[in-house]
Amino acid sequence: MEEITFIPAPEKRMDTLKEQVTSVEPGSRRTRLVKLSETRWIEGHDAISFFKEMFMPIYDTLGVIMGWDNADVNSKAFLMQPAMEKSCFVVGLCCVSRVFGLTAYVEV
């Protein structure tokens, strides 16, 4: 899920994501991605949940970024957007989201 760290990097990418979110889901309160935590389970749940909720705006943002004149940024967007189109990515995202959802608030 490199998209989570790729998009928030510079302000221009975040502005593009905000524009895409408001165009796809005008009433959405979420306009920022949450970084996936490797150690905190509940934060991982939030990151996956936000990513799933913002899937189409993220996809559209990558499409906009592919049109920019920055070769480094373009190449990453060209790799990420087709990866998001694959069924294994979507199914994996749904499975991880479901597992996190079932176990997020389990007390040990």
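Descriptive notes on the structure:
- Take each peptide in 44-54, 88-98, count the other Cβ atoms within 10 Å of every residue, and average; sorted highest first, the result is 44-54, 88-98.
- Length, then width, then depth: along the principal axes, the Cα atoms of region 13-108 run 50, 29, 23 Å.
- Simple spin-label estimate for Ser87 and Arg29 gives 3.6 nm between the two label positions (7 Å along the Cα-to-Cβ direction from each Cα).
Readers should treat all values here as calculations from the given coordinates under stated rules, not as data from a laboratory. The structure presented is a predicted model; accordingly, all values stated were derived computationally and were not measured. Cβ: placed from backbone, ideal geometry, glycine included. Neighbour counts: every protein chain shown.
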